[in-house]
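All remarks here apply to the structure that follows.
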Amino acid sequence: MHVRDDFWSSWVQTILVLESSRSRRFRPELKEPFFEYLGLFEYARVLDVGCGPGTFARYLARYIKPPGLIWGIDRDRTFIEYARRRAEKRGVSGYMKYAVADALALPFDDGTFDSVTSYTLIEHAPNPEVLVREMARVCKPGGTISVMAVLSVESEHGLLRDPFDRRIEELFRKFRKAIEPLEEAYHVGRGLPIEEIPRLFERLSLVEIRISGFYTPFCLDDARYPLAEKERILREELTEPTEGFVSRLFEAFPEEFGEGSPARAEAEELLRLVRERCERRLHELRSGVRRWTVEGRPSLIVSGRKGKAP
């Protein structure tokens, strides 16, 4: 199979899923903690490494103004093209820039930024030490380097607790094995756990290393979400990504998923179960039935300061 530069947005997490989940995660009340943890200020020059569709960079653009500057880089071209369109639509493209680039070879001069950060990247980096070295290289002396990642803590209660879930998850695990060679090539989930980052920061001579974090739980029955938003979340985060994933399986593996094959039958079963689950939950929401199930995992932030030149 040909490895494309839109692998992540095609096979791992779509734009809509990342946009929706991260928009809920980066809430306005977190502005002050982020400024403290990431070493930000109103006119800072900031780099978001592995920015995805640019959700966090646009969040920062609410609070950082010119002559401050926000850059986002990602190697997935689909993410970057989307992020650029969103920045232009919001009228912030003058001080919000994006580029397709390799996080292990950042296309910036030494000491360009006041703050260099990344979110859910270190756990997928093929060489975490090179990544952090590059982040430190492009950071100004005295600036802040920060790595953020979601902790692998699973809740017993979640949005997907439904009678269909066990079979749906079983089928998903089975089908994801088909793209394991691609995931290995892109190092998905094979990087460094966030808990090991402080030691890496020490080895790279970063100073004033701090451990912080944030947690923004999500409940579909939360009153802050109107019915139309709840319906959008169900479709864009649960149903449509599965439909897209199955469609790509059919396209990428035509022999295995041909008409009448066992794999095709299981894929069609997965689609049926996911759609039925969505319709059942939509009916509950429209009928005023609430489950009050909560999902969400805490995010850890490891930050350190680049020592000033002697």
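The values are calculated or read from the model by the stated rules, or taken from the named source; none is laboratory data. Remember, predicted model here, so these are calculated numbers, not experimental data. With ideal geometry, Cβ positions are generated from the backbone for all residues, glycine too; neighbour counts draw on all protein chains shown.
The number of residues in the stretch 69-95 that are in contact (Cβ under 8 Å) with a residue 40 or more places away in the chain and within 19 Å of residue 39 (Cα to Cα) comes to 1. All of (1) assigned to a helix (DSSP H, G or I); (2) closer than 19 Å to residue 187 by Cα hold for residue 118 with one exception: (1). Filtered by the rule that a residue be in a helix (DSSP H, G or I) and out of contact with any Lys or Arg (no Cβ under 6 Å at 6 or more places or on another chain), the stretch 130-151 gives 130, 131, 132, 133, 134, 135, 137.
Taking the stretch 186-234 as the range and being among the charged types (D, E, K, R), surrounded by fewer than 16 Cβ atoms within 10 Å (Cβ to Cβ) and outside any strand (DSSP E or B) as the test, the residues that pass are 190, 195, 196, 199, 202, 203, 221, 222, 224, 229, 232. Of all the residues in the stretch 78-114, those that are closer than 13 Å to residue 57 by Cα and over 22 Å from the mean Cα position of the chain (by Cα) number 1. Here the stretch 70-101 is the region considered, the condition is being assigned to a strand (DSSP E or B) and charged (D, E, K, R), and the residue that is surrounded by the most Cβ atoms within 10 Å (Cβ to Cβ) is 74. In the stretch 140-149, the count of residues that are modelled with pLDDT of 90 or more, of a type in the set (A, V, I, L, M) and either in contact with a Gly (Cβ under 7 Å, 6 or more places away or on another chain) or surrounded by fewer than 17 Cβ atoms within 10 Å (Cβ to Cβ) (or both) is one or more.
Scoring residue 289 on the criteria (1) outside any helix (DSSP H, G or I); (2) touching a residue at least 60 places away in the same chain (Cβ under 8 Å); (3) of a type in the set (A, V, I, L, M) leaves a single failure, condition (2). Taking the criterion of being among the aliphatic types (A, V, I, L, M) and either surrounded by 12 or more Cβ atoms within 10 Å (Cβ to Cβ) or closer than 26 Å to residue 248 by Cα (or both), the residues of the stretch 265-290 that qualify are 265, 267, 270, 271, 273, 274, 282, 285. Evaluated against (1) in contact (Cβ under 8 Å) with a residue 12 or more places away in the chain; (2) farther than 23 Å from residue 130 by Cβ; (3) of a type in the set (Asp, Glu), residue 229 falls short on exactly one condition, (1).
Residues checked against (1) under 30 Å from residue 113 (Cβ atoms); (2) over 25 Å from the mean Cα position of the chain (by Cα); (3) among the charged types (D, E, K, R):
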site: 209; (1), (2), (3): yes, no, no
site: 254; (1), (2), (3): no, yes, no
site: 257; (1), (2), (3): no, yes, no
site: 260; (1), (2), (3): no, yes, no
site: 271; (1), (2), (3): no, no, no
site: 282; (1), (2), (3): no, yes, no
site: 285; (1), (2), (3): no, yes, no
site: 293; (1), (2), (3): no, no, no
site: 298; (1), (2), (3): yes, no, no
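Residues considered: 170, 123. Of these, the only one that is modelled with pLDDT under 95, outside any loop (DSSP other than H, G, I, E, B) and not assigned by TED's automatic domain parsing to the domain that holds residue 210 is 170. Which of the residues spanning the stretch 250-286 are of a type in the set (Phe, Trp, Tyr) and either in contact with a Leu (Cβ under 7 Å, 6 or more places away or on another chain) or assigned to a helix (DSSP H, G or I) (or both)? Within the stretch 250-286, 250, 257 qualify. If we scan the stretch 15-29, do we find a residue that is more than 28 Å from residue 219 (Cβ to Cβ) and over 12 Å from the mean Cα position of the chain (by Cα)? Taking every residue of the stretch 15-29 in turn, none turns out to be more than 28 Å from residue 219 (Cβ to Cβ) and over 12 Å from the mean Cα position of the chain (by Cα). Working only within the stretch 2-58, note down all residues that are basic (Lys, Arg), touching a residue at least 12 places away in the same chain (Cβ under 8 Å) and assigned to a loop (DSSP other than H, G, I, E, B). Answer for the stretch 2-58, where residues must be basic (Lys, Arg), touching a residue at least 12 places away in the same chain (Cβ under 8 Å) and assigned to a loop (DSSP other than H, G, I, E, B): just 27.
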